[in-house]
Structures are given as structure tokens and as C-alpha cells.
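The block underneath contains the structure these notes are about, expressed in C-alpha cells.
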Amino acid sequence: MKQWITDYVSAQKSALDSIPANAVAELIGKLQKALAEDRQIFVFGNGGSAMNSSHFVTDLGKGSSDKVGRRFRVLSLNDNVAWMTALGNDYAYDQIFVRQLENYARPGDIVMAMSVSGNSPNVVKALEWAAAHGVHVIALVGGKRGRMAEVAHQTIVIDSTHYGRVEDAQMAICHMLCYAFMENPALGKV
């Protein structure tokens, strides 16, 4: 078991090492612009990616906003269970995100979706709709990339297909995006 743990940690370090610093810096710049322009930021995913989305929205909406003294308008589309189940029941499960975006999103807003496979039908449909309606699309995906990477304007690929490792690396990116503002509050003064 000890060797398995050592190997797991080693593989996790490799996944973290695959995070491209330039791409994360670009996303920080995009969030900085969204804050300056008072744009809405929508975040979502399935399973572990849904939890990462909720965690990211909490950190950016509270922690980062508190530090910079301005409010990020950020929303996780995973967090309204009643609405998601109504959409899934009355339409189809692949409509649970796109139907919310139809209500909320406007040109110039941002959508950031997370997935390991990059092919979740409900996420892909939402990204396709967003891209067609002037919403900036960001995808955080695993090594298979999937359709999400084809649709997105900005993509960060974690070089692994292991769900746990990719989700952990994606959460590390989310923390970097938030802590960039928490530890450098001047970023919010543009």
C-alpha cells in the first residue's frame, strides 16, 4: 500500500506539473477584465467537477471579492438543484446548463466549465450555445480533451485521464485564479 501511495503522489505531481502557467495567467487577466466590466461568470460541471465549480464560485465570490473590494458576479449552475431537476425532468438532462444560460447569459459574459472527459453532453451543449451567443468560453479538461476543447475559446488541458488527479489539478487552477486576487488585491483596481 505504501508504494501505491508513493506512486499516486508522484502521478499527482506530474498532473500538477502539466498546468500551463501562461494559460492560467491569461485566465486571471480574463477574470480581471470581467471584474472591471461587471460581467457575469458562470461555472459548472458534473460530479467532482460540479463540486469544484461550487468551491471556486465560493472562493472567487467571497474571498477574492472581499480582498479586492469589488464584487465578482459569479454563479455556479450546479447549485440550484430544484431548477436542474425541473429542467432534466421536463426537457432532458443534457439541457440542465444550457437552459439556465438562456435565462442569464449575455454577450461578453464568461462561461467556465470543468470536465475530465471533455465530452459530457450537458456541458458541451451549454458551451456550444455560449460560443454561438457571444459568451467567452473557458474549458478545463483532462488529457482526452474532448468536444469541450474544440468549442472553447480558452482551454487548459491537464495531462492525465485519471479522474481524481485531473479534478485535483483543476481545483489547483481554481485556487490559483482566486488567490491571484486575494494575494494581489491591486489586480481588482483596474
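Just so it is clear, none of the values below were taken in a lab; they were calculated from the coordinates. If you're wondering where the values come from, they're calculated on a predicted model, not measured in any experiment. Cβ placement follows ideal geometry from the backbone for every residue including glycine, while neighbour counts extend to all protein chains displayed.
Just a few scattered comments:
- Rg and Dmax, both from the Cα atoms of segment 98-169 and both in Å, are 11.9, 35.
- Working note: Karplus 6.51/-1.76/1.60 with θ = phi - 60° gives segment 137-151 the couplings 10, 10, 10, 10, 9, x, x, 6, 6, x, 5, 4, 5, 6, 7 Hz, where Gly and Pro are set to x.
- Ratio of Rg to Rh over segment 2-189 (Cα coordinates, Kirkwood Rh, two decimals): 0.97
- Shape analysis of segment 77-126 based on the Cα gyration tensor places the equivalent ellipsoid semi-axes at 17, 15, 9 Å, largest first.
- Residue among ASN103, VAL116, ALA34 farthest towards the positive dipole end of the chain, charges placed on Cβ: ALA34
- Mean sequence separation of contacting Cα pairs (under 8 Å, at least six apart), scaled by the length of the chain, corresponds to a relative contact order of 26 percent.
- In terms of the mean number of neighbouring beta-carbon atoms within 10 Å, the peptides 11-17, 47-53, 63-69 order highest first as 47-53, 63-69, 11-17.
- Per-peptide average of other Cβ atoms within 10 Å, ordering 112-122, 87-97 highest first: 112-122, 87-97
- Taking every alpha-carbon pair under 8 Å whose residues sit at least 6 apart, segment 74-141 reaches a relative contact order of 33 percent.
- Cα-centred dipole magnitude for the chain, charges only on beta-carbon of K, R (+1) and D, E (-1), debye, nearest 20: 280
- Net charge of neighbours whose Cβ lies under 12 Å from the Cβ of ALA126, counting Lys and Arg as +1 and Asp and Glu as -1: 0
- With R₀ fixed at 35 Å, the C-beta to C-beta distance from GLU150 to GLN3 puts the FRET efficiency at about 0.35.
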